[in-house]
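Contents: one structure, followed by commentary.
The values are calculated or read from the model by the stated rules, or taken from the named source; none is laboratory data. Worth saying up front: this structure is predicted, and the values here are computed from it rather than measured. All Cβ positions, glycine included, derive from the backbone under ideal geometry; neighbour counts span all protein chains shown. Just so you know, the surface numbers come from the protein's heavy atoms only, side chains and all, with ligands and any DNA or RNA stripped out. Shrake-Rupley method; radii C 1.70, N 1.55, O 1.52, S 1.80 Å.
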Protein chains: 2
Amino acid sequence: MASMLSDIEIQRALGARTGWTRRGNAITRTYEFPTFPAGIAFVNRVAEAAEKMDHHPDIDIRYTKVTCSLSTHSAGGITQRDFKLAEAMDELLP
Amino acid sequence: MASMLSDIEIQRALGARTGWTRRGNAITRTYEFPTFPAGIAFVNRVAEAAEKMDHHPDIDIRYTKVTCSLSTHSAGGITQRDFKLAEAMDELLP
């Protein structure tokens, strides 16, 4: 099982991942797309990656903006699994 | 342009639509699915309907739960367009 990262480890990992910020026990990024369908297409790619990794982000769709939040509930905080999925999601951008 | 419904009109329309509740200037419903991919498939059907009607719900995905919120920002509140899309979404359930 992935173990919770310390505040310093989280800061360091966030420093290497543009666009992501910490919000309490989660890391979050808002992606913006030119159209609503483009955002939905991204959500589909994210969903496929998430299902494969068996790690599911919270996803908020606000027209052309898609906000993804990651936390490892079983560990009670932010773990390497969250940063792995964050990296995978960033690579799914058009 | 669709005009804002009165409180009484909203109450009446909600009475005819199981699962929907009012939250301030929006109507909202949480759908639950047996699996994460089933929820994502529903989001895709909703997105297609929304794009056709040029009216886009806020969509929050929380693992197998999908919450949709509808409001007509151009009218400053809840209109018939919201209830039309709510009905269309309910019909997209498996």
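The table for this structure:
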item	result
At 7 Å out from Cα toward Cβ: A:Glu51 inter-copy label distances (nm, ascending)	1.9
For the A-to-B rotation axis, chain A residue with nearest beta carbon and its distance in angstrom	A:Asp60, 3
Per-copy distances of the A:Ser74 label point, shortest first, in nm (7 angstrom along Cα→Cβ)	4.7
Coil-residue GluC sites (Glu not before Pro) of segment B:11-94, DSSP, other Cβ within 10 Å capped at 12	B:Glu91
Mean accessible surface per residue for the protein assembly as shown, computed with a 1.4 Å probe while every protein chain stays in place, in Å²	53 Å²
Interface B:A - total buried accessible surface [probe 1.4 Å, Å², rounded to 100]	1400 Å²
Dipole of chain B, positive direction: furthest Cα of B:Ala49, B:Thr21, B:Phe36, with charges on the beta-carbon	B:Thr21
Cα shape, segment B:36-94, gyration tensor, a/c 1.5 rule	prolate
Shielding by partners, peptide A:38-49 (average Cβ within 10 angstrom, other chains)	3
Nearest-first distances (nm) between copies at B:Met4, label 7 Å from Cα via Cβ	4.5
Folded to 0 to 90 degrees: helix A:80-90 orientation relative to chain A principal axis, Cα	20 degrees
Ordering of B:65-71, B:3-9 by packing [mean C-beta count within 10 Å, highest first]	B:65-71, B:3-9
Local net charge near B:Ala49, Cβ-Cβ under 12 Å (Lys/Arg +1, Asp/Glu -1)	-3
Interface residues, segment B:59-78 - accessible area loss of 30 Å² or more versus chain alone, probe 1.4 Å	B:Ile59, B:Asp60, B:Ile61, B:Arg62, B:Tyr63
Rounded if a/c under 1.5, otherwise prolate or oblate - segment A:1-62, Cα gyration tensor axes	oblate
